[in-house]
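Novice: The structure is given below, and queries will be raised subsequently.
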Amino acid sequence: MTDPYQPPGKVYLIGAGPGAADLITVRGARLLAQADAVLHDALVTEEMLAYCPQAVKINVGKRCGKKSTAQRFINKLLVNSARKYQTVVRLKGGDPMLFGRADEELHALEEAGIEYKVVPGITAALAAASAVGVPLTRRGVARSVAFFTSSTAPDEPDQAKLPDCDTLVQYMGGREAALTAQRLLEQGRSARTPVVVVENASLPEQRILRLDLRTLQLGLPAASGPVLVMIGEALASRNVALHAQQPVQLLACAR
Ligand code: SAH
């Protein structure tokens, strides 16, 4: 039971970063250490949760092909937790303000009159670029980058139009990447445009696959972790042998 006389606590929406426990911000880690309750995504590792041994931990993660927690339920849980605990952390993979449904959670908190603060995190695209050792922009080659997803809400039309940027980074696109490649080729991009796929960026299970738009059209191998697809001339390899690792196997689950 929540105590109606106890003022609601404060909620911190914190970016956990791409996965490696030491890629969360110092601010994020400090707040985790003070949290009474932590509501976290499925992608948040045990190592990261070790920063908050004192907290009640609730996994509200959504995993492809697995039973997920409905967003409306998460919003409600967040509000209820803030009424029950003084300091609540909502820990989200990468940066909370990118493809994280933060607007819905913040809206629920605002409606309930609960104070919140957002702490940024390293988004997967930037961790993936570091993993590959290739910047997303390059002087004279690429000066714009789009983070996009083809994943749509149930009532949203299919996003046929791709962003018009030099470098494209597709989130939640393991399955849709083949279609992305087809569309880019139709729009006149060269079949030899470099593509880099990174699975589990920053984690020990990290895998990197290099290909081009022509081969991406055929679909991606299966992956067991989250996958990011990066496309553009800026991704041309300086030294393939140095960075490329084992190719991933067939992609069954696009996340
Ligand atoms: N807010 C997150 C993105 C959430 S959407 C962020 O800023 O990174 C989830 C998608 O992010 C996954 O489907 C995948 O495309 C990407 N992703 C998250 N973590 C990743 C990782 N460690 N390696 C590769 N892709 C990752």
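The values are calculated or read from the model by the stated rules, or taken from the named source; none is laboratory data. Given the structure is predicted, the values throughout are model-derived calculations rather than measurements. Don't worry about glycine lacking a Cβ; one is built from the backbone with ideal geometry, like all the others, and counts go over all protein chains shown. Note: accessible area is taken over every heavy atom of the protein model, side chains too, but ligands, DNA and RNA are not part of it. Shrake-Rupley method; radii C 1.70, N 1.55, O 1.52, S 1.80 Å.
Novice: Which of the residues that make up the range 160-197 are of a type in the set (S, T, Y) and part of a loop (DSSP other than H, G, I, E, B)? Break it down stepwise before answering.
Specialist: We begin by selecting, within the range 160-197, every residue of a type in the set (S, T, Y); these are 167, 171, 180, 190, 193.
Once the filter is applied, which keeps residues that are of a type in the set (S, T, Y) and part of a loop (DSSP other than H, G, I, E, B), the range 160-197 yields S190, T193.
Novice: Kindly establish whether T152 is away from the ligand (no atom under 12 Å from the Cβ), open to solvent by 30 Å² or more (accessible area, probe 1.4 Å), of a type in the set (S, T, Y) and modelled with pLDDT under 95. I'd like the intermediate steps shown before the answer.
Specialist: On the way: away from the ligand (no atom under 12 Å from the Cβ): yes; open to solvent by 30 Å² or more (accessible area, probe 1.4 Å): yes; of a type in the set (S, T, Y): yes; modelled with pLDDT under 95: yes.
Spelling it out, T152 is indeed away from the ligand (no atom under 12 Å from the Cβ), open to solvent by 30 Å² or more (accessible area, probe 1.4 Å), of a type in the set (S, T, Y) and modelled with pLDDT under 95.
Novice: Which of the helices (runs of 4 or more DSSP H) found entirely inside the range 6-108 contain at least 2 residues meeting this: more than 13 Å from the ligand (Cβ to nearest atom) and over 28 Å from S130 (Cα atoms)? Lay out the reasoning, then the answer.
Specialist: Working: elements: 26-34, 46-49, 71-84.
In the range 6-108, 71-84 are the helices (runs of 4 or more DSSP H) which contain 2 or more residues that are more than 13 Å from the ligand (Cβ to nearest atom) and over 28 Å from S130 (Cα atoms).
Novice: Quick one: K57 ticks every box in (1) out of contact with any strand residue (DSSP E or B) (no Cβ under 9 Å at 6 or more places or on another chain); (2) at pLDDT 90 or above; (3) among the charged types (D, E, K, R) except a single one, so which number is it?
Specialist: Here K57 clears every test but (1).
Novice: For the subset of the range 120-140 comprising residues that are assigned to a helix (DSSP H, G or I) and open to solvent by 20 Å² or more (accessible area, probe 1.4 Å), which member is farthest from the ligand (Cβ to nearest atom)? If you could, list the steps in order and put the result at the bottom.
Specialist: In the first step, residues of the range 120-140 are kept if they are assigned to a helix (DSSP H, G or I); the result is 124-132.
If we keep only those that are open to solvent by 20 Å² or more (accessible area, probe 1.4 Å) as well, we get 124, 126, 130-131.
Working: A124: 3, L126: 8, S130: 11, A131: 8 Å.
Only one residue fits best here, namely S130.
Novice: Continuing with the same structure: Would you tally the residues in the range 192-207 being within 15 Å of T167 (Cα to Cα) and touching a Ser or Thr at 6+ places or on another chain (Cβ under 9 Å)?
Specialist: 3
Novice: Same structure again: Within the range 109-119, work out how many residues are open to solvent by 20 Å² or more (accessible area, probe 1.4 Å) and either in a helix (DSSP H, G or I) or free of Cβ contacts under 8 Å to residues at least 24 places away in the same chain (or both). Don't jump to the end; show me each part of the working.
Specialist: Of all residues in the range 109-119, those open to solvent by 20 Å² or more (accessible area, probe 1.4 Å) come to 110-113, 115-118.
Pick out the ones that are also either in a helix (DSSP H, G or I) or free of Cβ contacts under 8 Å to residues at least 24 places away in the same chain (or both) and you get 110-111.
Going through the range 109-119 one residue at a time, the tally reaches 2.
Novice: Can you name the number of the only condition in (1) more than 14 Å from A178 (Cα to Cα); (2) buried (at least 24 other Cβ atoms within 10 Å of the Cβ) that G225 fails?
Specialist: Failed condition: (2).
Novice: Sticking with this structure for a sec: Taking the conditions exactly as written (at pLDDT below 95, within 14 Å of the ligand (Cβ to nearest atom) and outside the structural domain of G19 (by TED's automatic domain parsing)), does A223 satisfy them or not?
Specialist: Numbers: at pLDDT below 95: yes; within 14 Å of the ligand (Cβ to nearest atom): yes; outside the structural domain of G19 (by TED's automatic domain parsing): yes.
The answer is yes for A223.
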